[in-house]
Amino acid sequence: MAHRKKNTPSKVQSCSRNDPVEAPVVKGPNMDSLGFLAMDSNVPGLSQVILQKLNMKSYDEYRSAMEGKKLHADFGIHSYFEMFQKMEDTFRFCVECKKLPESLPNPKSLRRCKRCQNVYYCGSECQRANWPIHKKFCKKLKLVALDRLMEWLVFTGDIPFPTTPWKKNIHEVRGWEGWFLMQDDLDAKLSSILTGRYMNILWANAGKPKPEEVELTESIKRVTTDFESRPATIGLGLHMFQIDPYAKPIVVHVVGASHVETLNARVTDYDELSHMFPKHQGIEVVMVGIDVVDNPIMRPPLVAFGPRERVYLSSYKGLYHDFWESQVETQLASRPELVVGFHPGFHACSDLMESWLPTLLLLRDYKIPSLFTVYSEQELKYSLKISMELEMRITGCGANPFASLKPEQAYSNPNKSPVYCNSHYFTFCGLSDSPDEPDVGELEGDKSEDA
């Protein structure tokens with residue numbers, strides 16, 4: 001493959017591990033360059049920080065605990081109450097002075113905001129000083145705190161509820177509002193979750209007041225959209241590039257895929273694609289990334305597809321350009337009709353950009369239809385600028401109608417606008433015909449404004 005030129009963007013913020021780091025004045029929570037703790041690679045609702053609090057190394061250990069299997073000696077919790085308390089400990093620091101409990105004379109002096117049940121203060125002085133900023137986000141952070149607890153129901157199996165085949169074509173469905181209207185017996189499904197065993201366990205052990213039923217219902221919906229956002233976004237990409245799953249079997253590659261997508265994305269979870277395209281010819285989703293579970297791709301060389309109307313999941317542990325050379329070019333895996341990257345984050349620092357560059361150039365030079373998602377409109381603008389510098393032909397961009405409705409807060413700085421998974425997207429295919437940058441100044445539907 002002859003790349004046109006390796007023109008790495010010059011204005012990318014550096015976050016090299018070799019850069020000197022100043023010692024903090026007070027001991028506070030760590031933060032990455034975006035203010036998030038690797039949010040795009042977390043198990044939903046269970047960050048690596050939380051896993052550490054639970055003395056667990058992986059989602060596998062957490063899942064085993066939920067299924068009642070034998071735990072290792074260092075598990076460190078013996079009840080649901082203790083589990084929820086340790087999860088809450090992750091967010092227990094003064095949002096004003098950033099001090100952690102162990103940095104205070106009395107660790108129990110931290111008090112939680114009664115309105116949002118999310119942020120903490122070490123005293124009334126810090127609370128008063130922080131209120132002018134916090135009041136802008138307090139209502140939104142209340143939703144964040146609630147959804148963070150309700151997301152536990154994903155791991156118990158209560159969420160998502162069984163969904164219904166789409167009664168309309170994807171271009172006729174106006175986002176999640178239209179999606180919920182298509183769901184048969186929606187009230188009964190939501191009621192079953194609200195009155196279920198794990199909902200009762202959650203609020204008997206959460207250490208917070210149980211919200212009203214209407215608040216719990218809306219939270220279930222938000223968490224459901226977060227769960228269904230990825231398969232729905234893949235379906236959106238197929239529609240945008242006019243790729244017809246009814247005409248032939250379709251192969252989709254998910255690049256930069258993390259262990260989350262292979263552990264949390266069971267085959268049945270991606271059956272939403274079958275609901276979007278009833279009676280399709282078969283859809284294979286191959287997840288490729290350095291953090292995926294080390295499984296072989298499902299049916300190399302993927303030329304003899306299985307039964308129709310099925311969605312298949314495979315994974316490959318490694319970088320995408322290595323996967324292409326070892327699997328696609330040797331015909332051990334099929335060339336994809338679509339490549340999707342969920343939150344690649346290559347705009348964040350030079351190290352990430354360097355690792356992504358071979359993949360981006362490969363997708364560009366082989367003219368692979370591609371769709372990438374980002375957390376916010378600002379991130380979209382940065383990503384588009386880099387893509388234009390790489391002379392990629394941008395075919396579309398904007399607010400994703402199937403973005404997650406579940407707000408995500410910056411861990412170490414909650415008092416900023418929350419972001420939403422798969423909030424915006426951009427699509428590209430091949431080399432650019434024009435150096436003009438797409439106009440994204442008038443994007444609509446951005447949910448990142450202040451609460």
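The values are calculated or read from the model by the stated rules, or taken from the named source; none is laboratory data. What you are looking at is a predicted structure, and each value in this text was computed from that prediction instead of being measured. So basically every Cβ, Gly included, is an ideal-geometry build from the backbone, and we count neighbours across all protein chains shown.
Summary table
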quantity	calculated
Enumeration of residues in the stretch 190-202 that are under 25 Å from the mean Cα position of the chain (by Cα) and either farther than 12 Å from Leu153 by Cα or not β-branched (Val, Ile, Thr) (or both)	Leu190, Leu194, Tyr198, Met199, Leu202
Enumerated helices (runs of 4 or more DSSP H) restricted to the stretch 166-232, each holding at least 1 residues that are among the β-branched types (Val, Ile, Thr), closer than 30 Å to Gln85 by Cβ and not assigned by TED's automatic domain parsing to the domain that holds Ser274	186-194, 197-205
Some residue of the stretch 345-359 being out of contact with any Pro (no Cβ under 6 Å at 6 or more places or on another chain), crowded, with 18+ Cβ neighbours inside 10 Å and acidic (Asp, Glu)	no
Pairs, first more than 18 Å from Lys108 (Cβ to Cβ) in the stretch 73-85, second modelled with pLDDT under 55, C-beta under 9 Å, six or more apart	Ile77/Leu71
Residues being in a strand (DSSP E or B), of a type outside the set (Gly, Ala, Ser) and surrounded by fewer than 18 Cβ atoms within 10 Å (Cβ to Cβ) - total across the stretch 376-431	3
Any hit, the stretch 198-215, residues being surrounded by fewer than 16 Cβ atoms within 10 Å (Cβ to Cβ), among the acidic types (Asp, Glu) and within 26 Å of Glu309 (Cβ to Cβ)	no
Residue in the stretch 362-369 that is touching a Leu at 6+ places or on another chain (Cβ under 6 Å), part of a loop (DSSP other than H, G, I, E, B) and at pLDDT 90 or above present	yes
Candidates Glu377, Glu391, filtered to the one that is farther than 30 Å from Met150 by Cα and either touching a helix residue (DSSP H, G or I) at 6+ places or on another chain (Cβ under 6 Å) or in contact (Cβ under 8 Å) with a residue 60 or more places away in the chain (or both)	Glu391
Test: residue in the stretch 354-366 that is among the aliphatic types (A, V, I, L, M), farther than 23 Å from Trp324 by Cα and either touching a residue at least 40 places away in the same chain (Cβ under 8 Å) or assigned by TED's automatic domain parsing to the domain that holds Leu338 (or both)	no
Hey, Ala188 surrounded by 18 or more Cβ atoms within 10 Å (Cβ to Cβ) and on the phi < 0 side of the Ramachandran plot or not	no
Tally of residues being of a type in the set (Ser, Thr, Tyr) and in a helix (DSSP H, G or I) across the stretch 83-108	1
